[in-house]
Amino acid sequence: MGKITQEQRNRYFEKVKEQRKTIEAGLAKEKTLLDLLAKDETGSGYKHLKLANDALDLCSWYILVNTLSVSLLGIKNEDYLLEARKTLVRAIKYLEDTVSGYLDVSYSDYEAKLEEIKDFDPDSRFRLLRKLGFTVQSLEDAFGENSKYSASFIETWGKVAIIGKNLINLKTAVPDMDFSSPLRATVMSHAGLVKQLLQRCADKYREQYELYTHKVQDFRAAVIYLQALRRVHIALNERDEAETLKRKVEIWSTKLEADLKKAEETKGK
């Protein structure tokens, strides 16, 4: 790539001027809300949802500045991508604080958290999940395939799957998906996306184990995501799918145990 001219720099700085102002305003807004939350935890669930939503907006502005850098200067703006990554981490933490970061647990273990945001309707929950997924995908694409952060996105997508699962009210999900329910399309789409994400995470962790790391914790994570997916099927009365996953979990667990035994035998030689 040729040397960046002053004219290109000027065009770039002029273009990103407004984006930087928006980012500064967003950071100030986030700090104000955090200060309010520290003083008064009333409605903390809704406040965390607001913090998460605004943080995802901030991520988009950081990514946009990088996009302009690539377009006008021909180079990535790593500083802004790293800020986007930090902001995404905050957004995910806000959501975990809201609905928990529990994966393979009973619904009753985090039901109380969902009760705190009971007025956050299914349409809004599904929109938030899609917004989170879109932001993660946008940031992953911005970093590129060969980025040193590529592997970390497996864990990030895992958190997206967990949050998506925990946003669903599993107590009402079955009646909400009834043909007579006005929520049917939304709740079915939300549940469908969660099931895809959980399966994808299980496959990604298994792939990472088999092809790259050979670390037991990666294979264990794959099995746990499968178990969590089975819990969702059971909660939704999808018995055939749950039974199929039960067999798959058994097969993967047997494979894991065999690999562990083989590794122990190799170590002992």
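The values are calculated or read from the model by the stated rules, or taken from the named source; none is laboratory data. Keep in mind that what you see is a predicted model, and the values were worked out from it rather than measured. We place every Cβ from the backbone using ideal geometry, glycine too, and count neighbours over all the protein chains shown.
Computed quantities for the displayed model
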| quantity | calculated |
| --- | --- |
| Only one of GLY144, GLY164, GLY158, GLY133 that is over 29 Å from SER44 (Cα atoms) and small (Gly, Ala, Ser) | GLY144 |
| Tally of residues being under 26 Å from PHE219 (Cα atoms) and surrounded by 18 or more Cβ atoms within 10 Å (Cβ to Cβ) across region 168-192 | 1 |
| Candidates ILE92, ILE63, filtered to the one that is among the hydrophobic types (A, V, I, L, M, F, W, C), crowded, with 18+ Cβ neighbours inside 10 Å, over 21 Å from LEU114 (Cβ atoms) and in contact with a helix residue (DSSP H, G or I) (Cβ under 7 Å, 6 or more places away or on another chain) | ILE63 |
| Residue that is farthest from GLY45 (Cα to Cα), among those in region 9-34 that are among the charged types (D, E, K, R), free of Cβ contacts under 8 Å to residues at least 60 places away in the same chain and loosely packed, with under 13 Cβ neighbours inside 10 Å | GLU14 |
| Residue that is nearest to ALA91 (Cα to Cα) [pool: residues in region 139-155 that are surrounded by 17 or more Cβ atoms within 10 Å (Cβ to Cβ) and in contact (Cβ under 8 Å) with a residue 60 or more places away in the chain] | LEU139 |
| Subset of region 208-223 [within 15 Å of ILE154 (Cα to Cα), aliphatic (A, V, I, L, M) and surrounded by fewer than 18 Cβ atoms within 10 Å (Cβ to Cβ)] | LEU211 |
| Count - residues of region 72-94 that are small (Gly, Ala, Ser) and either over 30 Å from GLY164 (Cβ atoms) or not in a helix (DSSP H, G or I) (or both) | 1 |
| Pair list, Cβ < 7 Å and 6+ apart or interchain, from region 211-222 residues that are among the β-branched types (Val, Ile, Thr) to residues that are surrounded by 12 or more Cβ atoms within 10 Å (Cβ to Cβ) and modelled with pLDDT under 95 | VAL216/LEU260 |
| All positions within region 95-131 that are among the aliphatic types (A, V, I, L, M), under 24 Å from ALA202 (Cβ atoms) and exposed (fewer than 15 other Cβ atoms within 10 Å of the Cβ) | VAL105 |
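This table checks each residue for (1) among the hydrophobic types (A, V, I, L, M, F, W, C); (2) modelled with pLDDT of 95 or more; (3) on the phi > 0 side of the Ramachandran plot; (4) not in a helix (DSSP H, G or I).
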residue	(1), (2), (3), (4)
GLY2	no, no, no, yes
LYS21	no, yes, no, no
THR32	no, yes, no, no
GLY45	no, yes, no, no
LEU51	yes, yes, no, no
ALA55	yes, yes, no, no
LEU64	yes, yes, no, no
VAL70	yes, yes, no, no
